[in-house]
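Engineer: Quick one: the structure is below, questions incoming.
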Amino acid sequence: MRILYLDIDALRPDHLGCYGYHRNTSPRIDAIAAEGVRLTRCHTPDAPCLPSRSAFYSGRFGIQTGVVGHGGTAAQPKVEGKFREFRDMFDTQGLARQLQKRGLHTAMISPFGQRHAAHWFYAGFNEIHNTGKGGMESAEEVWPIIDRWLDSSAARDNWYLHVNFWDPHTPYRAPLAYGEPFAGDPLPAYLDDEDLIRRHNRVVGPHTSQEIGMYDDRENPRYPRHPGKVTNRASMRRLVDGYDTAIRYVDDYVGQIAERLQSAGVWDETAVIISADHGENFGELGIYAEHATADSATCRIPFIIRWPGARRGVVDDALRYNIDWAPTLMELLGGASQPLWDGQSFADAITGGGDPGREDLVISQCAHVCQRSVRWDCWLYVRTYHDGFRLFPQEMLFDLEKDPHEQQDLSGQRPDLCREGAWRLGRWHDEQMQKMARSSSDVTDPLWTVIQEGGPFHAIHERGRSPLPAYLERLEATGRAEGAAALRKKYGRYL
């Protein structure tokens, strides 16, 4: 068995042609999707980068592993304590180790473990090729390593290869020589709106339209496709075109990988999975060019499965997590799930008549904000514990069928649905704490650890470490004194 996993960082599904995008960003990915199963409502349970990939390879929710943030205690797995054996849980029960047990040679081409000091991410891999720039490498720098690996190993049997591309991750970096493939294409309709831009220019918080770079509008001349702020249609086009061009650039290399496997005579019998660690906000909750919230824009991801001999051209609309892939893959390979895994197999959706999926999903973010949200039916209920300097209310509610870009908060109009969302979240939390009491060395919810240690890593509020004082001055200088006053009132004790 040969399995190729293409991990394309920060890839929004609705910017791919196979998910309905009007721009031709992904012809090679679209062709692969046409030969397999495309999940339309797959989410990462924990975002962004480090929590998502930790969940994916451990098969577990971040609340269980302890990895929910980008710094502090919550960027490390929980200590297993006196019951830790010779190897830890990431190795003994991680997905890669289970693939090894099934006789697959596991290889990874990614700098991710070094980028986040997440060395447990490599557990279970026979080969690790660190591309060396901590996620700042572009596809043309990753390709030579892929090319050498395929040249030496594509034709042999029983391998699993994880390839990590970074181009759609901020800052958008496709070489200028690649041109402007979308210069003549319209913007997404909801973004081609001067009124929306004016409204969003009043919003405060990191990675909002006047602070694309997090807390300021400075630009880096190394990344000319990436503006410092969005104040009109021209700068909006520059931002969206930069992101879409990055996707098209990676798509070209996806095509090259397919061609190499075809020339090796193994394409038809190679399983191909295409996904991402998280999506990217473009105006959702007022945020741009970042993956900063527990919402659909950040946590919904593409998931495409081309499995030899399985269903072709199938669209699967069930609610699923990316951690469901670990037990699914084991079932497809004739193996078994692990006792600690939180995922549920959907192998029947790939090989048989479908699978109903989950009743609801709980998605979390503790790196930029502290939020947990519930996705069910058409609804997204967002509960905020720390707003990351964005002045979010405690509760928000969105109808994703009528308002897929989260512009209209309905929490004031539908308190009944907010109560239902809170109940669903509470039910999930109780289940997680009960499981933790049975299988963990502690009963600590790492979300509260993040808040105790000074807030989300990208919005720390401890005195002397916080970006807030300088940001308040910027808000006042850019005509948003009202927002600065609200932030000063809420966080003044830390200034």
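Engineer: How many residues does segment 334-372 hold that are of a type in the set (Asp, Glu) and in contact (Cβ under 8 Å) with a residue 60 or more places away in the chain? Break it down stepwise before answering.
Structural biologist: Quick first cut of segment 334-372, residues of a type in the set (Asp, Glu) only: 342, 348, 355, 359-360.
Narrowing further to those that are in contact (Cβ under 8 Å) with a residue 60 or more places away in the chain: 342, 360.
Looking only at that region, the number is 2.
Engineer: Return the only residue of ARG383, ARG372, ARG390 being farther than 24 Å from TYR321 by Cβ and modelled with pLDDT of 95 or more. Quick ask: steps written out before the conclusion?
Structural biologist: On the way: ARG383 fails: farther than 24 Å from TYR321 by Cβ; ARG372 fails: farther than 24 Å from TYR321 by Cβ.
Only one candidate qualifies: ARG390.
Let's see how each residue does on (1) among the small types (Gly, Ala, Ser); (2) over 23 Å from TRP448 (Cα atoms); (3) at pLDDT below 90:
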{"site": "THR73", "(1), (2), (3)": "no, no, no"}
{"site": "PHE83", "(1), (2), (3)": "no, yes, yes"}
{"site": "ASP91", "(1), (2), (3)": "no, yes, no"}
{"site": "LEU95", "(1), (2), (3)": "no, yes, no"}
{"site": "LEU99", "(1), (2), (3)": "no, yes, no"}
{"site": "GLY103", "(1), (2), (3)": "yes, yes, no"}
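Engineer: Is it the case that some residue within segment 214-221 is in contact with a helix residue (DSSP H, G or I) (Cβ under 6 Å, 6 or more places away or on another chain), in contact (Cβ under 8 Å) with a residue 40 or more places away in the chain and of a type in the set (Ser, Thr, Tyr)?
Structural biologist: Just the residues of segment 214-221 that are in contact with a helix residue (DSSP H, G or I) (Cβ under 6 Å, 6 or more places away or on another chain), to begin with: 215.
From the residues that got through so far, the ones that are in contact (Cβ under 8 Å) with a residue 40 or more places away in the chain too are 215.
Applying the additional criterion that residues be of a type in the set (Ser, Thr, Tyr) yields 215.
Scanning segment 214-221, I find at least one residue that is in contact with a helix residue (DSSP H, G or I) (Cβ under 6 Å, 6 or more places away or on another chain), in contact (Cβ under 8 Å) with a residue 40 or more places away in the chain and of a type in the set (Ser, Thr, Tyr), so the answer is yes.
For every residue, the table says whether it meets (1) free of Cβ contacts under 8 Å to residues at least 60 places away in the same chain; (2) closer than 12 Å to SER296 by Cα; (3) surrounded by 17 or more Cβ atoms within 10 Å (Cβ to Cβ).
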| position | (1), (2), (3) |
| --- | --- |
| VAL374 | yes, yes, yes |
| ASP377 | yes, no, no |
| THR384 | yes, no, yes |
| GLY388 | no, no, yes |
| LYS402 | yes, no, no |
| SER411 | yes, no, yes |
| CYS418 | yes, no, yes |
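Engineer: Right, here's the next one. So ARG199 clears everything in (1) of a type in the set (D, E, K, R); (2) part of a loop (DSSP other than H, G, I, E, B); (3) without any contact (Cβ under 8 Å) to a residue 60 or more places away in the chain except one condition, right? Which one?
Structural biologist: The failed condition is (2).
Engineer: Among the numbered criteria (1) assigned to a strand (DSSP E or B); (2) over 30 Å from THR208 (Cα atoms); (3) not aliphatic (A, V, I, L, M), which single criterion is violated by TYR288?
Structural biologist: Of (1) assigned to a strand (DSSP E or B); (2) over 30 Å from THR208 (Cα atoms); (3) not aliphatic (A, V, I, L, M), only one is false for TYR288: (2).
Engineer: Out of all the residues in segment 237-256, is one or more surrounded by 24 or more Cβ atoms within 10 Å (Cβ to Cβ) and either more than 22 Å from the chain's Cα centre (by Cα) or part of a strand (DSSP E or B) (or both)?
Structural biologist: No, because not a single residue in segment 237-256 is surrounded by 24 or more Cβ atoms within 10 Å (Cβ to Cβ) and either more than 22 Å from the chain's Cα centre (by Cα) or part of a strand (DSSP E or B) (or both).
Engineer: Being aromatic (Phe, Trp, Tyr) and part of a loop (DSSP other than H, G, I, E, B) is the filter here; which residues of segment 94-144 pass it?
Structural biologist: From segment 94-144, those aromatic (Phe, Trp, Tyr) are 112, 120-122, 125, 143; that's our starting set.
Within segment 94-144, just PHE125 meets the criteria.
Engineer: Can you confirm whether segment 443-455 contains a residue that is surrounded by 17 or more Cβ atoms within 10 Å (Cβ to Cβ) and farther than 26 Å from PRO51 by Cα?
Structural biologist: no
Engineer: Moving on. From the set of residues in segment 329-359 that are buried (at least 21 other Cβ atoms within 10 Å of the Cβ) and in contact with a strand residue (DSSP E or B) (Cβ under 9 Å, 6 or more places away or on another chain), which is nearest to ARG97 (Cα to Cα)?
Structural biologist: LEU329
Engineer: Further question: Working only within segment 330-348, note down all residues that are touching a Gly at 6+ places or on another chain (Cβ under 8 Å) and either part of a helix (DSSP H, G or I) or under 18 Å from SER275 (Cβ atoms) (or both). Spell out the reasoning first.
Structural biologist: Taking segment 330-348 first, the residues touching a Gly at 6+ places or on another chain (Cβ under 8 Å) are 337-338, 340-343, 346, 348.
TRP341, ASP342, GLY343, PHE346, ASP348, listed by residue number.
Engineer: Would you check if ASP295 is within 20 Å of the chain's Cα centre (by Cα), among the acidic types (Asp, Glu) and crowded, with 18+ Cβ neighbours inside 10 Å? Walk me through how you get there before you give the answer.
Structural biologist: Working: within 20 Å of the chain's Cα centre (by Cα): yes; among the acidic types (Asp, Glu): yes; crowded, with 18+ Cβ neighbours inside 10 Å: yes.
Considered against the rule, which asks whether it is within 20 Å of the chain's Cα centre (by Cα), among the acidic types (Asp, Glu) and crowded, with 18+ Cβ neighbours inside 10 Å, ASP295 comes out as yes.
Engineer: Here are some conditions: (1) within 21 Å of the chain's Cα centre (by Cα); (2) surrounded by fewer than 23 Cβ atoms within 10 Å (Cβ to Cβ); (3) not basic (Lys, Arg). ALA326 meets all but one. Which one does it not meet?
Structural biologist: It is condition (2) that ALA326 fails.
Engineer: Quick one: would you say LEU319 is in contact (Cβ under 8 Å) with a residue 24 or more places away in the chain, within 19 Å of the chain's Cα centre (by Cα) and assigned by TED's automatic domain parsing to the domain that holds TYR190? Before you say what the answer is, go through the steps one by one.
Structural biologist: Details: in contact (Cβ under 8 Å) with a residue 24 or more places away in the chain: yes; within 19 Å of the chain's Cα centre (by Cα): yes; assigned by TED's automatic domain parsing to the domain that holds TYR190: yes.
Spelling it out, LEU319 is indeed in contact (Cβ under 8 Å) with a residue 24 or more places away in the chain, within 19 Å of the chain's Cα centre (by Cα) and assigned by TED's automatic domain parsing to the domain that holds TYR190.
Engineer: Another question about this same structure. Between LEU472, LEU397, which is under 30 Å from GLY20 (Cβ atoms), in contact with a Lys or Arg (Cβ under 8 Å, 6 or more places away or on another chain) and not basic (Lys, Arg)?
Structural biologist: Numbers: LEU472 fails: under 30 Å from GLY20 (Cβ atoms).
Testing whether each residue is under 30 Å from GLY20 (Cβ atoms), in contact with a Lys or Arg (Cβ under 8 Å, 6 or more places away or on another chain) and not basic (Lys, Arg) leaves just LEU397.
Engineer: Taking only segment 214-241 into account, find how many residues are under 21 Å from ARG12 (Cα atoms) and of a type in the set (Val, Ile, Thr).
Structural biologist: Residues in segment 214-241 being under 21 Å from ARG12 (Cα atoms) and of a type in the set (Val, Ile, Thr): 2 in total.
Engineer: Still on this structure, I have one more. Being surrounded by 14 or more Cβ atoms within 10 Å (Cβ to Cβ) and part of a loop (DSSP other than H, G, I, E, B) is the filter; apply it to segment 456-489 and report the residue that is modelled with the lowest pLDDT.
Structural biologist: Per the stated criteria, the residue is HIS461.
Engineer: What is the number of the single condition among (1) modelled with pLDDT under 95; (2) within 30 Å of ALA336 (Cα to Cα) that ASN158 does not meet?
Structural biologist: In the conditions (1) modelled with pLDDT under 95; (2) within 30 Å of ALA336 (Cα to Cα), ASN158 misses (1) alone.
Engineer: Within segment 126-167, how many residues are under 18 Å from VAL254 (Cα atoms), charged (D, E, K, R) and surrounded by fewer than 18 Cβ atoms within 10 Å (Cβ to Cβ)?
Structural biologist: 5
The values are calculated or read from the model by the stated rules, or taken from the named source; none is laboratory data. Everything numeric here is computed off the predicted structure, so don't read it as measured data. As a convention, Cβ positions derive from the backbone with ideal geometry for all residues, glycine included, and neighbour counts pool all protein chains shown.
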